Amino acid sequence: MTEGRWRGLLAGAALALAGCAQLPPQQPLPTGLTRAFDRIELAGAGVDVEWHLPATEPRAWVLVQHGFARRCANLRGTAGALAARGVATLCLNADSGAGVAGGAPALAEALARWWLSPAARSPDGRAAPARTVLAGHSAGGLFAARVGAALVQRAPERVAGVLLFDPVGAAPLQAVLQALQTRLGPGRLAATMAPPVRCNAAQLALPALRAAGVAVVLPPQATHVDAEGEDTEALAVRACGEGPPRPEAVAALRRWAGDTLDALLR
């Protein structure tokens, strides 16, 4: 598939998803977690941030970034499941303008600079811990990888690894992941990939993931919106054309993500 065809598929999916403006109902939080909202300055502009914070000192900060035309509210269940493993998760509400399309390289660079600055504190006043994991869904996967690449250029010892949930991207994704693989070494990059549909650009990212040496899980009955789970909407499901996420598939994805996170932080 050509880059132009890939962009065409994504544009069609984005138009369909643009109608999914309503926020999903808030689900109960896992015991011991707090959801918090903040606003941080990135490259001279304020960006809204959603956090999931454990009561204890977090083992790491984990970026859990939403996809194109989506919001952090669409990943609350997955972010909460990861935070229940003893980490703090954060997500940028980057749904305005181009959002995270194309991996938003300028925004990714700005977030990496903030992350390593004295200003980087969670809403409860805690400074960023020594370890970082970057995770993202769909177009947010390329964004998360770009943040990771920017971080390893400055402080490679801070980056424990990258988790991607059905990412989209071709040559740009492969280049960023290969750069991360070179700096981090094997076993630090992992992804899950749903069968080919419009919302994952017909699984275009799979060759890029394999070429970059990413460990890829291919659940046979997965959907693109498994990472969103109960936080997705009917319009998003319809846009992708593969049916709603199955609860057992959502649980399996979150279990895989949590187990992989634990392995990265050992």
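No lab work stands behind these numbers, since they all come straight from the coordinates. Just so you know, these numbers come straight off a predicted model, no measurement behind them. FYI the Cβ positions are ideal-geometry reconstructions off the backbone, even for glycines, and counts take in every protein chain you see.
Figures for the structure shown
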{"read-out": "The stretch 3-264: relative contact order in percent, alpha carbon pairs under 8 Å with at least 6 residues between", "value": "19"}
{"read-out": "Ellipticity estimate at 222 nm from DSSP helix runs (n ≥ 4, -39,500 (n - 2.57)) divided over the chain, nearest 500", "value": "-11000 deg cm²/dmol"}
{"read-out": "Share of Cα-Cα pairs in the stretch 94-225 lying beyond 25 Å, as whole percent", "value": "24"}
{"read-out": "Candidates Gly86, Gly140, Gly44: whichever shows maximal mean-square fluctuation once the chain is modelled as a Gaussian network with Cα springs under 10 Å", "value": "Gly44"}
{"read-out": "Compactness index (Cα Rg / 2.2 N^0.38 Å), the stretch 3-264", "value": "0.90"}
{"read-out": "Two-site label geometry, Ala234 and Ala43: point separation in nm, points 7 Å out along Cα→Cβ", "value": "3.8"}
{"read-out": "Alpha-carbon spread of the stretch 170-215, three principal axes, descending order, Å", "value": "33, 18, 13"}
{"read-out": "³J(HN,Hα) computed for each position of the stretch 40-56 - Karplus, 6.51 cos²θ - 1.76 cosθ + 1.60, integer Hz, glycine/proline x", "value": "10, 8, 10, 6, x, 10, x, 10, 6, 10, 10, 10, 10, 10, x, 5, 8"}
